[in-house]
Amino acid sequence: MHRFANPTRFLRLSAAILPWSAGLTIVLMAVGLVTGLMVSPADYQQGESVRIMYVHVPSAWMGMLAYSVMAISSAVALIWKHPLADLIAKSSAPAGAAFTFLCLVTGSLWGKPMWGAWWVWDARLTSMLILLFLYLGYMALVSAFDDPARGAKAGAILALVGFVNVPIIKFSVDWWNTLHQPASVTKLGMPSIATPMLIPLLVMALAFHAYYVTVLLLGVRAEITAAKVRAIRLTQVHE
Amino acid sequence: METIRAFFNMGGYGGFVWPAYGVSAIVLVGLIVMTVRSMRAREAELANLQAVLGSRRAAAQAQRSNRKVLDGDA
């Protein structure tokens, strides 16, 4: 792990990965859009509105994944003082917030025609809204300190405490009565979703993963550069 | 023409499907543009700072060697 702790090595590694992750994002998005919007069939109950699923479900998955990355890197930063962990956590937050926001908006656009309501205060929707607030709170807290190390530490603690929310989101549809339908892909055994719909969903999910990797690497690069700038400024002050 | 209209109509759900895809496109493109911009801005700042430092260091070096020449003269 400490092999990747070296920022120079990380920069070299990220420069090698970035063209691939960016290229994959574009190709997979294109395939996902064509299969999702044109090739895949309409649902026998939900009609064409089911196509919202191909952006809604990957957004939800990525919202939770980006938060998990943030919480795990925060733990690594707190325990091992790993120099890159704070930067990874900090860069994961805006992407995760964007995914969570998209999940809520697309879900609302799906809920209106299917449930007859833009929003209901049910466990799945409410816990997802809390996830968005956790992201926004984390970003505000991290940037609220003059000393970035103190901001990162405060943010890491918030990220870890808020991690409780992730399993709550995941199991909310099983624990409480809800309008939201339960998981149909990540069920034990066979996914209860028809293959022509599963393909665009999985392609879109992969596209969102590649997108996330791209944004995360770019963000960490920006943070490493910012840290170098700060270090130079500090030596200038002391000279 | 009819198929294009049917495609955009989305079985009557066009008013929900297209905004969902539209807002996704705006948010995802917006975030990547913002991230790239902030990265470029910081890299430019670093390059600037290093250039200033480099020229300052060179100036100090020149001054030092100048003084050495003057001391040698005296």
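Below is a table of values for the structure above.
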{"read-out": "Residue within the stretch A:149-164 that is over 20 Å from A:LEU84 (Cα atoms), buried (at least 18 other Cβ atoms within 10 Å of the Cβ) and either in contact with a strand residue (DSSP E or B) (Cβ under 8 Å, 6 or more places away or on another chain) or acidic (Asp, Glu) (or both) present", "value": "no"}
{"read-out": "Residues satisfying the stated conditions in the stretch B:23-38, i.e. more than 7 Å from every other protein chain (Cβ to nearest Cβ) and either open to solvent by less than 60 Å² (accessible area, probe 1.4 Å) or more than 36 Å from the chain's Cα centre (by Cα) (or both)", "value": "B:ALA25, B:GLY30"}
{"read-out": "Residues (within 21 Å of A:TYR54 (Cβ to Cβ), crowded, with 17+ Cβ neighbours inside 10 Å and not β-branched (Val, Ile, Thr)) located in the stretch A:106-124", "value": "A:GLY107, A:SER108, A:LEU109, A:TRP110, A:GLY111, A:PRO113, A:MET114, A:ARG124"}
{"read-out": "Identity of the residue in the stretch A:64-74, aliphatic (A, V, I, L, M) and farther than 17 Å from A:GLY151 by Cβ, that ends up surrounded by the fewest Cβ atoms within 10 Å (Cβ to Cβ)", "value": "A:ILE72"}
{"read-out": "Filter result for the condition that a residue is open to solvent by 30 Å² or more (accessible area, probe 1.4 Å) and either more than 10 Å from chain B (Cβ to nearest Cβ) or touching a helix residue (DSSP H, G or I) at 6+ places or on another chain (Cβ under 7 Å) (or both), over A:ILE52, A:ILE88", "value": "A:ILE88"}
{"read-out": "Odd one out for B:ARG64 among (1) closer than 18 Å to A:ALA226 by Cβ; (2) open to solvent by 60 Å² or more (accessible area, probe 1.4 Å)", "value": "(1)"}
{"read-out": "Selected residue (only one of B:ALA20, B:ALA41 is at the interface with chain A (Cβ under 9 Å from one of its Cβ atoms), in contact with a Phe, Trp or Tyr (Cβ under 8 Å, 6 or more places away or on another chain), surrounded by 11 or more Cβ atoms within 10 Å (Cβ to Cβ) and assigned to a helix (DSSP H, G or I))", "value": "B:ALA20"}
{"read-out": "Qualifying residue in the stretch A:128-142 (condition: within 14 Å of another protein chain (Cβ to nearest Cβ) and aliphatic (A, V, I, L, M))", "value": "yes"}
{"read-out": "Only listed residue being within 10 Å of another protein chain (Cβ to nearest Cβ) and touching a residue at least 40 places away in the same chain (Cβ under 8 Å), chosen from A:TRP115, A:TRP110", "value": "A:TRP110"}
{"read-out": "Options A:ALA71, A:ALA22, A:ALA15; residue that is hydrophobic (A, V, I, L, M, F, W, C), in a helix (DSSP H, G or I) and without any contact (Cβ under 8 Å) to a residue 12 or more places away in the chain", "value": "A:ALA15"}
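The values are calculated or read from the model by the stated rules, or taken from the named source; none is laboratory data. Source: prediction; values computed, not measured. Quick reminder, even Gly has a Cβ in these numbers, built from the backbone with ideal geometry, and neighbours come from all protein chains shown. Note: areas computed on protein heavy atoms with side chains; ligands, DNA, RNA excluded. Shrake-Rupley method; radii C 1.70, N 1.55, O 1.52, S 1.80 Å.
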